[in-house]
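Shown below is the structure under consideration.
The values are calculated or read from the model by the stated rules, or taken from the named source; none is laboratory data. Small disclaimer: the values here were computed from a predicted structure and weren't measured. Reconstructed Cβ throughout: ideal geometry from the backbone, glycine too, with neighbour counts over all protein chains shown. SASA here: full protein model, heavy atoms, side chains in, ligands and nucleic acids out. Shrake-Rupley method; radii C 1.70, N 1.55, O 1.52, S 1.80 Å.
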Amino acid sequence: QVQLVESGGGLVQPGESLRLSCAASGTLFRLAPMAWYRQAPGKGRELVATASPAGSAAYADSVKGRFTISRDNAKNTVYLQMNSLEPEETAVYYCNYASPPFGPWGQGTQVTVSS
């Protein structure tokens with residue numbers, strides 16, 4: 001069963017950047033479309049970006065032009081570069097498969113955008 005470990009979150013000011021990483025266990029990673037999700041306080045989990053096994057990307061409208069998803073299949077890792085962060089993007093960020101059935105959710109990584 002896949003294990004997902006997110007890292008790279010932190011406290012940043014509006015307009016700043018962060019790069020998140022997600023390390024995945026298992027040999028099927030390179031065959032699986034992967035995604036980043038986020039869950040803000042009191043809200044449901046939201047799809048942010050997806051990456052196909054070959055690296056083709058898709059984004060939620062709210063992050064287009066500011067976020068970039070990428071993956072390194074040799075390292076079983078998927079990344080999320082986040083630029084021009086906004087306070088309303090404060091959330092716990094998770095990675096997982098891009099569609100059900102999902103793997104077990106990791107602990108996520110907290111991103112706080114505040115001045």
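To the nearest 20 debye, what is the magnitude of the charge dipole of the chain about its Cα centre, counting +1 on the Cβ of each Lys and Arg and -1 on the Cβ of each Asp and Glu?
280 debye
Right, another one. Quick check for me: using +1 on Lys/Arg Cβ and -1 on Asp/Glu Cβ, what's the dipole size of the stretch 21-82 about its Cα centre, in debye to the nearest 20?
I would put it at about 60 debye.
Then there's this: Ignoring any ligand, DNA or RNA, what whole percent of the accessible area of the stretch 1-113 comes from carbon and sulfur when the probe is 1.4 angstrom?
53 percent
Show me the trypsin sites (Lys or Arg not before Pro) within the stretch 5-46 that DSSP assigns to loop and that have at most 16 other Cβ atoms within 10 Å of their Cβ.
In loop regions of the stretch 5-46 (DSSP not H, G, I, E or B), the sparsely surrounded trypsin sites (Lys or Arg not before Pro) are 43.
Rolling a 1.4 Å sphere over the protein heavy atoms, what is the accessible area per residue of the stretch 3-45, to the nearest Å²?
In whole numbers, the stretch 3-45 has 55 Å² accessible per residue.
Right, something else. For the chain, what is the convex hull volume of the alpha-carbon atoms per residue, in Å³?
Measuring per residue, one finds 90 Å³ for the Cα hull of the chain.
Who wins for biggest fluctuation among 102, 67, 29 in a Gaussian network model of the chain, springs between alpha carbons below 10 Å?
102
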